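Here's the structure we're looking at; comments come further down.
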Amino acid sequence: VWLILKYNNLVKIGSHDFKGLKQLKGINLSNNQIRKISRGALRHLDHLDNIDLSGNKLRSLSEETFTVPLTAAKQEDRRFFVYLANNPWLCDCNLKWLAEQYANRSTVYSDRLVHCDAPDKLNGTFLSDVPLDKFKCGEEGTFVDSEPEDDTNTPQNTPRVEKGTPKRMSVETKITIVGVLLAVVLVVFVMFKIGKECQAGREDTDTAIESKPMIPRNDNTVNKEVYM
């Protein structure tokens, strides 16, 4: 059974998208807009022989994505094949595994029209022609998208990252923190000023009352003192 999904404007493949389709022999996902493929996307497909991912927007891909169908194919002594042509591949440390497959003359992954799109110095170069020591990640590391919230039942679903310097706080975050601190200081200052003004008002009122003269008034029955 083949599943043909080419030219459908798909943008990602999740780990449950093929659940219940265990008898699939082939999947054609070519010429979509796929940018992300979950590491567990093919975990239910142990009868899969062929998958076409050519003509998409993939920049990176985990080797673990193909573990289940590839292992099953080896155990049953049958062929498993992957088409990867015409994707904008980022040739960094996360794709070194694919370069190693090509170097070992893999019969699983097609190297036809598999070019590096980045970094700039490797743009247009066949991935199979790039020396293994050129597959490097930047100082802060590069992640492989795996959508962990979609892979809760998939082993080893933590994104791979090369060790490097810790990520610095962004400028926007710093500005937000400074703004919050200034707002707190302003509120405290206003409350302090209002408190002083209230205290001064009470003191003025007490002084005014004490300064008023006491005027005696004659009464036929009782003598009273009245403040005016």
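The values are calculated or read from the model by the stated rules, or taken from the named source; none is laboratory data. Nothing here was measured: the structure is a model prediction, and the numbers come from that model. So basically every Cβ, Gly included, is an ideal-geometry build from the backbone, and we count neighbours across all protein chains shown. Surface accessibility is based on the protein's heavy atoms, side chains included, excluding ligands, DNA and RNA. Shrake-Rupley method; radii C 1.70, N 1.55, O 1.52, S 1.80 Å.
Is at least one residue of segment 176-193 at pLDDT below 75, in a loop (DSSP other than H, G, I, E, B) and surrounded by 10 or more Cβ atoms within 10 Å (Cβ to Cβ)? So far as segment 176-193 goes, no, none of its residues is at pLDDT below 75, in a loop (DSSP other than H, G, I, E, B) and surrounded by 10 or more Cβ atoms within 10 Å (Cβ to Cβ).
Can you pull out the residues in segment 125-141 that are among the hydroxyl-bearing types (Ser, Thr, Tyr) and part of a loop (DSSP other than H, G, I, E, B)? Listed by number, the list holds a single entry, 125.
Restricting attention to segment 111-124, the residues being assigned to a loop (DSSP other than H, G, I, E, B) and on the phi < 0 side of the Ramachandran plot number 5. Reported count of residues in segment 29-49, each being farther than 16 Å from residue 66 by Cβ and of a type outside the set (D, E, K, R), is 4.
Of the strands (runs of 3 or more DSSP E) contained entirely in segment 1-110, those carrying at least 3 residues that are open to solvent by 10 Å² or more (accessible area, probe 1.4 Å) fall at 2-4. Of note, residue 96 satisfies the criterion of being under 24 Å from residue 121 (Cβ atoms), of a type in the set (D, E, K, R) and at pLDDT 95 or above.
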